[in-house]
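Below is one structure; the comments refer to it alone.
The values are calculated or read from the model by the stated rules, or taken from the named source; none is laboratory data. None of the values given here were measured: they were computed from a predicted structure. Note: ideal-geometry Cβ built from the backbone for every residue, glycine included; neighbour counts use all protein chains shown.
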Amino acid sequence: MTRRPYIVGNWKMHGTRAMLSEARAIDRAAQRHMKVEVAIAPPYTLIHPIHREAEQIAVGAQDCHHEDSGAHTGDISAAMVADAGASFVILGHSERRTGHGESDALVRAKAGAAFAAGLKVILCCGENTATRESGKAVAFVRKQLKASLPPAEQLPAELAERLTVAYEPLWAIGTGTPATTDDIAEMHGQIRALLIDLLGAEQGADVRILYGGSVKPDNAAAIFAVPDVGGALVGGASLTADSFMGIALAASEPFEN
C-alpha cells in the first residue's frame, strides 16, 4: 500500500499562544502540499487552540498517562488529550525515557491506553552514543521496540493506520548531525523486518517508519530517499513554517516526478 509521507513536528516545551500564527502558516502551507501528511504535537496548552483552527494538519500530544484517571497530579490521560482535540500521541520519546526514567513497560502501557482512547500512536525507539559505538545498536533498538509494543489483544484491528514507529538515535537529536543514510537504511530495514515478524507480512509492511534526529530542509531529501523511511519526526526545525514545510516539500518531491 502506498502511503503519503508523514511529517510530524514535535514542538517539545516550546510555544505559547503567540505561536498560533506559525501553526496557521503551517496549516495553510499543508493545504498546498496534499501529497504529504503533516502534523504537529504542540504543548498540551496549545492542542485545543490549534485543533480549533487547523483545517488540514493533524494535532497531537507529546505524551499521555497510562491510567484513565486518578490521583496523578500534573498528568494527563489519553482520553483527556483526545478530548482536547488530539488525534495522535508521541510515546517513548528519548527525552521521556532518559529525562523521566520511562521504561519499555511504561511506554507499552501508555500505548495500550492511547489505542483504547482511539488515538493514533507514534512509538519512538533509538540508541545512545555508547550503544552505537559498541556495535549493539541494532540489537538494542529491536529489543526496545518489541518491549514497547502493547500485547496483541490491545492492538487495534486497523493497526497500520493507527501505529507509526519513529527511529530517533539519541546521538543525532539536537546535535545538527543526522545519522548517515547507511545507518538509517540499516536500522529502518531492521525495524521493518521486526514489524513483519511481530505483526505479520501485511500489517508489518504497511506501518510507517519515521526518522528523527537533526532533520532539516537541506538534508531531508537524502533521508527520504532511503528505503523504508516513511517521513520524519522533526524537532527544532518544526517551530517555524518555513523550515518545517521545507522538509515537507522535500518529502513530496519523489511523488511529483
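The figures follow:
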item	result
Matching residues, the range 109-131, being surrounded by fewer than 21 Cβ atoms within 10 Å (Cβ to Cβ) and either among the hydrophobic types (A, V, I, L, M, F, W, C) or assigned to a helix (DSSP H, G or I) (or both)	Ala109, Gly112, Phe115, Ala116, Ala117, Thr129, Ala130, Thr131
Failed item, numbered, when Cys64 is tested on (1) closer than 23 Å to Ile247 by Cα; (2) of a type outside the set (Lys, Arg); (3) out of contact with any Asp or Glu (no Cβ under 6 Å at 6 or more places or on another chain)	(1)
Pick from the range 216-241, criterion in a loop (DSSP other than H, G, I, E, B) and free of Cβ contacts under 8 Å to residues at least 60 places away in the same chain, ranking: surrounded by the fewest Cβ atoms within 10 Å (Cβ to Cβ)	Pro227
Matching option when the condition is within 21 Å of Arg162 (Cβ to Cβ) and either at pLDDT 95 or above or under 17 Å from the mean Cα position of the chain (by Cα) (or both), among Ala84, Ala25	Ala84
Selected residue [crowded, with 19+ Cβ neighbours inside 10 Å, of a type outside the set (Phe, Trp, Tyr), touching a helix residue (DSSP H, G or I) at 6+ places or on another chain (Cβ under 6 Å) and more than 24 Å from Lys110 (Cβ to Cβ)] from Ile57, Ile50, Ile26	Ile26
Subset of the range 134-173 (residues that are buried (at least 18 other Cβ atoms within 10 Å of the Cβ), without any contact (Cβ under 8 Å) to a residue 60 or more places away in the chain, aliphatic (A, V, I, L, M) and under 23 Å from Asn10 (Cβ atoms))	Ala137, Val141, Leu145, Leu149, Leu159, Leu163, Val165, Ala172
Search result, residues across the range 61-108 that are part of a helix (DSSP H, G or I) and either over 22 Å from Ile40 (Cα atoms) or among the acidic types (Asp, Glu) (or both)	Asp83, Glu95, Thr98, Asp104, Ala105, Leu106, Arg108
Within the range 17-41, considering residues that are part of a loop (DSSP other than H, G, I, E, B) and either without any contact (Cβ under 8 Å) to a residue 24 or more places away in the chain or in contact with a strand residue (DSSP E or B) (Cβ under 7 Å, 6 or more places away or on another chain) (or both), the one nearest to Ala222 (Cα to Cα)	Val36
Selection status of Gly213, buried (at least 23 other Cβ atoms within 10 Å of the Cβ), touching a Pro at 6+ places or on another chain (Cβ under 6 Å) and modelled with pLDDT under 95	yes
Enumeration of residues in the range 132-160 that are in a helix (DSSP H, G or I), among the polar types (S, T, N, Q) and at pLDDT 95 or above	Gln144, Ser148
